[in-house]
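I have placed the structure first, in the form of structure tokens, so that the comments after it can refer back to it.
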Amino acid sequence: MNHPLVSLTIDGIAVQAAPGSTILKAAQQAGIEIPTICYHDHCTANGLCRICVVEVSGARTLVPACVATVQDGMIIHTQSERVRRSRRTILEMLYSSVDLSEAPEIETLALVYGADSQRFPGAQRREPPLIDDNPMYIRDYAKCILCWRCVQVCAEDAQYTYALNFSGRGFETQISTFYHHPMPETTCVFCGQCVGVCPTGALKPKREWLLEKGYTPEAIMGLTRNERRGKKRREGLSH
Amino acid sequence: MIQPERVVSTVCPFCGVGCNLELHVRDGFIYKATSSFNSVVNHGNLCVKGRFGHDFIYHPQRVTVPLIRKKPQRPGDRTQAFDLSEWREISWDEALDYVADRLVDIYQREGPHAMAVYCCAKATNEDNYLLQKMYRALFRTNNVDHCTRLCHAASVVALQMAIGSAAMSNTAAEVIENDVFILTGSNPTENHPIIALQMKAAVRKHGAKLIVVDPRRIEMVDYATLYLPIKPGTDVPVFSAMAHVILKEGLYNRQFVEERTENFEAFATSMEKFTPEYAESISGVDRNLIIQAARLYATAKNAAIYWALGIPESSHGVANALSLINLALLTGHIGRRGTGLNPLRGQNNVQGASDAGAMPWHYPGYQRVDIEENARRWEQAWNIEPGGLSRQLGLTTTEILSSVGPGGVRALYIMGENPMMSEPNLNHTRQKMQELEFLVAQDLFINESGAFADVFLPAASWAEKEGTFTNTDRRVQRVRQVIPPRGQSRPDWEIICDLAKRIEKRLGRPTTAYWDYRHPSEILEEMGRYVPEYAGVTYERLEREGGLQTPVWDKQHPGTPFLFAETFPRGRGKFHPLDYTPNAEMPDDDYPFVLSTGRVLEHWHGGTLTRHSWLDDLFPEPLVDIHPDDAARLGIQNGDAVRVTSRRASIVLRARVTPKTNPGVVFIPFHFHEAAANLLTHDIIDPQAKIPEYKAAVVRVSKARPEELGTRAEPQPRGRY
């Protein structure tokens, strides 16, 4: 099974990579870091956030490095002006609509790419109310960048439970349970794989969230069952 | 957004999978658990217990001060005290002096047979090694056991008879290398959730074919190529009929049988009677399914068998397990990667507690107590005069309680177990607990058993001490201290050392067995000097290399991912002829249902930990699963209060009407004191393994009034299967 390696050039460096490997992996092997947001080593890559785009000579559009595979003779630029402008704009658009205050990796990228968090001051923000419907974790979709990791680990990437999916379209798109059912009434088994892969603090263990809200450990452990369970009904949820 | 002060790597304290945890701490409060995606055990995945179930550490009802009963307890009228008002706080010195005085008094008056101890499969290898050492070296008794007796005892006995070992032969993660695997008497999506993920991936991503043989239509049936809905307790006919088909159709591995096994002829003859037709008449499984399953398993390149407590927890549990072992020997599906005989161990450290000698017939390392050479070895290890250690097999968990009374066991020491929930036929257990002369409980909470105690010793939780656990695939991993012990609680190993020194002094022994350990690493080192399988396991290596899979024969040995590549520990694998024995109780007109008991995803065993966790919010009350056809016949709706009655007792709880159980079978989890399933079970045991038949008491089900329910918990609607 020894396929010949593919030869390509990334940022002027000659790179050899196994056929079928992604541009992202080939670059990593060569010590070239391409930024990612939605990508996670243990999830299926979908090229959703487009922060990993690179310029491939001869290609009409920028190419997402996390899903595009290497081809023989490719010439790739990971830091061209077009690439950097694209990344900057993506970050500025994320800032315009999502609360990124708990996404330090994205905040670092914003510094690196000189993104102006106030570039689109009048933009409509996505600010659905926080969902506190179970004793294990909260969902604050105002912080959600729709990276899809939670949906995927709930499905075939780990748990095969399928409690989460998208609802809505376009700007209204949000991660949701089916029919916005409270989490305990879905197929959810509360494994928290989704919490484990969330990059922005949109999903958070309940006790961590309570601690942030200023509760002391004693106060947290003194909550009643009904307080721990949160809202049982569907009131206050967007749809 | 808060930043942790520390993130500490350790191992999950719940099931035998042994998931790696990273606990995030702030102000001594563990507020989050994550897991490294590079973990070879769980690849960053956790279940609800591992991810969210560690809050029991901080529960307001946790006891962190030594306690003694205000009213002295006497054999015969010993009572349960759940309320702190019935206890008096005392100092550690007072508590340990008192315990030492009482234990030594009883020992000197009654002799070694009056002493007994329950070790704990939740505690570390080091804790268990020391507690069995204390009882063997000081009280000269082998009345040492733990919940393995109620768990895989029959699997262990059968594996030792047939191949000479008693653990999973292969690594759990090898399931993706199976072409075919049989899952029986096991509900991994709830009981070994991370192994279940690997099984699902094996089917969906790696092309494995799954055969489920189970009296419940568990979630894994959704992933199965074949599902054999077996009646409880008919495992021997079904698996022997598979062997019958494999023999008749010449699908067995002749070379393997000739080179690696013995007793084939006698076995083959005994399989003659197990025709698929005969098996169908007993088990209710369509004969064609049995034939298909036999062909699928036998003709696979790599096939493995995974089982849990549905196999051993039976009055013929050893025979059940042997019927599986026979299949592996017949087809040669053992001794290679992606094959094997894999009993999925329940507790986080049931493998380790067994390895560490918390068993009545074995010293650490499965060294029989009745073999002179072994006794001599441990006498030397513990500075004991020749002939000092008992050569008599000790009493098992169930036998210990049965023998309580004048002339029998008088004093019982319980570390972390809860027999008042986990023993079968609890009314009998209660009577025996009442008859004890002296009872010590060492735990985090006053559970149903500790409530009977004279003295309560507050132990540190797993997050408050150092040690090692050995998981289901024999992987020894480090348990690390994350926070200081709460209140005055102390690590089990420290309590035992301090107590043992006091006892040794009172006994006036001329030499000491040694109790001056400064760190648990020294305890493991002592064990490794006398247990060859652990010879190469040291804390330094565990720090450097992560987990090590036993056997690890020396300091350079890399560990053993799968067993029996060349030979079996007993030499040749031995086939065992089998006969079908019905369950001790069979359904009749008065008791038409078979009751199976077990666990649910959100809870752990007797509930000492998880009923004191927010996990309880997700599953707050006992439920009996009943099939829709049976429910309709009895006029029972989902959520109705029902009475479940066996020959021994009756409990009232809500019904969950679900196709997850098959017609004729009802299922009750055993976590709930409000309607304790083990009031209903019977204490008939397997004659060889002494394991009770938890999976097959017969019961009747009738409607009850809601006010008869033992719980006032508001039901939590759940959508999970």
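Readers should treat all values here as calculations from the given coordinates under stated rules, not as data from a laboratory. On a predicted model such as this, the values are computed, not experimentally measured, just so you know. So basically every Cβ, Gly included, is an ideal-geometry build from the backbone, and we count neighbours across all protein chains shown.
Helix-only arithmetic for chain A: the sum of -39500 (n - 2.57) across DSSP H runs with n ≥ 4, divided by the residue total, places the mean residue ellipticity at 222 nm at -6500 deg cm²/dmol. Peptide A:175-186 has a mean of 2 when you count, residue by residue, the C-beta atoms of other protein chains within 10 Å of its C-beta. The ranking of B:F274, B:F82 by Cβ neighbour count inside 10 Å, starting from the fewest, reads B:F82, B:F274.
As a length-normalised measure over Cα pairs under 8 Å and 6 or more apart, the relative contact order of chain B settles at 20 percent.
Taking Cβ separations below 4.7 Å as the criterion for a possible disulfide partner, the isolated cysteines in chain B are B:C15, B:C47, B:C119, B:C120, B:C147, B:C151, B:C497.
What does the average come to when, for each residue of peptide A:159-165, you count the partner chain Cβ atoms lying within 10 Å of its Cβ? Neighbouring Cβ atoms belonging to other protein chains average 4 per residue here. Helices that extend 20 Å or more along their long axis by alpha-carbon positions and average at least 1.0 on the Kyte-Doolittle scale are, among the DSSP H runs of chain B, B:317-331. Need the C-alpha centroid separation for the stretch A:46-95 versus the stretch B:450-510, integer Å. If we compute the Cα centre of each part, the gap is 57 Å.
Of all DSSP-defined beta bridges confined to chain A, some 90% are antiparallel rather than parallel.
Only Cα pairs under 8 Å and 6+ residues apart enter the sum, and on that basis the relative contact order of the stretch B:153-344 stands at 33 percent. Using the Karplus relation 6.51 cos²θ - 1.76 cosθ + 1.60 with θ = phi - 60°, the per-residue 3J(HN,Hα) values for the stretch B:700-712 come to 10, 10, 9, 5, 10, 8, x, 5, 7, 4, x, 10, 10 Hz, with x marking Gly and Pro. Close amide H contacts of A:I138 (hydrogens built in the peptide plane, cut-off under 5 Å, sequence separation of 5 or more or a different chain): A:K204, A:K206. Would you work out if the stretch A:52-145 is rounded, prolate or oblate? Take a ≥ b ≥ c from the square roots of the eigenvalues of the alpha-carbon gyration tensor; rounded if a/c is under 1.5, else prolate when a/b is larger than b/c, oblate otherwise. Here the stretch A:52-145 falls in the prolate category. The mean count of C-beta atoms from other chains within 10 Å of the C-beta of residues in B:44-53, rounded to a whole number, is 6. Beta bridges assigned by DSSP with both partners in the protein assembly as shown are antiparallel in approximately 55 percent of cases.
Residue by residue, the stretch B:645-660 carries 3J(HN,Hα) couplings of 10, 10, 5, 9, 6, 9, 10, 10, 7, 7, 8, 10, 7, 7, x, 5 Hz when phi is fed to the Karplus relation 6.51 cos²θ - 1.76 cosθ + 1.60 (θ = phi - 60°); x denotes Gly or Pro.
Taking amide H as placed 1.01 Å from N in the peptide plane, B:S461 has its amide H under 5 Å from the amide H of B:R486, each at least 5 places away in sequence or on another chain. Anisotropy class assigned to chain A is prolate, per the alpha carbon gyration tensor with a/c at or over the 1.5 cut-off and a/b larger than b/c. What the phi angles of the stretch B:35-50 give under the Karplus curve with 6.51, -1.76 and 1.60, with θ = phi - 60°, is a coupling list of 9, 5, 5, 8, 4, 6, 7, 10, 6, x, 8, 9, 10, 4, 6, x Hz, glycine and proline written as x. Label-to-label distance for A:E105 and B:D101 is 6.2 nm, based on points extended 7 Å past Cα in the beta-carbon direction. Each other residue within a Cβ distance under 15 Å of B:A81 adds +1 if Lys or Arg and -1 if Asp or Glu, for a net charge of 0. When you count the other C-beta atoms within 10 angstrom of each residue and take the mean per peptide, B:253-265, B:157-169, A:25-37 line up highest first as B:157-169, A:25-37, B:253-265. Packing order of peptides B:184-192, A:151-159, highest average first: B:184-192, A:151-159 (average count of other Cβ atoms within 10 Å over each peptide's residues). Note on the stretch A:160-239 and the stretch B:349-388: Cα centroid distance 51 Å, given to the nearest whole angstrom. Shape of the stretch B:6-58 from the C-alpha gyration tensor: oblate (a/c of 1.5 or more and a/b not above b/c, with a ≥ b ≥ c the square roots of its eigenvalues).
Over all other residues within a Cβ to Cβ distance under 9 Å of A:W209, the charged ones net out to 0, with Lys and Arg as +1 and Asp and Glu as -1.
Bridging of B:K273 to lysines at a Cα separation below 22 Å is possible for B:K231, B:K248, B:K574, once same-chain residues fewer than 8 apart are set aside. Please report the relative contact order for the stretch B:145-260, taking Cα pairs under 8 Å with a sequence separation of at least 6, and give it as a percent rounded to a whole number. About 17 percent, as a whole number.
Amide H contacts of B:T468 (H built 1.01 Å from N, in plane; Pro and chain starts excluded): B:N125, B:E126, B:V479 sit under 5 Å, all sequence-distant by 5 or more or on other chains. Are any of the pairs A:K213/B:K49; B:K465/B:K555; B:K432/B:K690; B:K200/B:K301; B:K49/B:K122 more than 22 Å apart by Cα-Cα distance, and if so, which? Among A:K213/B:K49; B:K465/B:K555; B:K432/B:K690; B:K200/B:K301; B:K49/B:K122, the Cα-Cα distance tops 22 Å for A:K213/B:K49; B:K465/B:K555. In terms of the mean number of neighbouring beta-carbon atoms within 10 Å, the peptides B:212-222, A:6-16 order highest first as B:212-222, A:6-16. Listed by chain and number, the lysines whose C-alpha is less than 21 Å from the C-alpha of B:K505, apart from same-chain residues fewer than 8 away, are B:K133.
Is it possible to state the helix-based mean residue ellipticity at 222 nm for chain B, with each DSSP H run of 4+ residues giving -39500 (n - 2.57), the sum divided by total residues, to the nearest 500 deg cm²/dmol? What is it? Calculated mean residue ellipticity at 222 nm is -8000 deg cm²/dmol.
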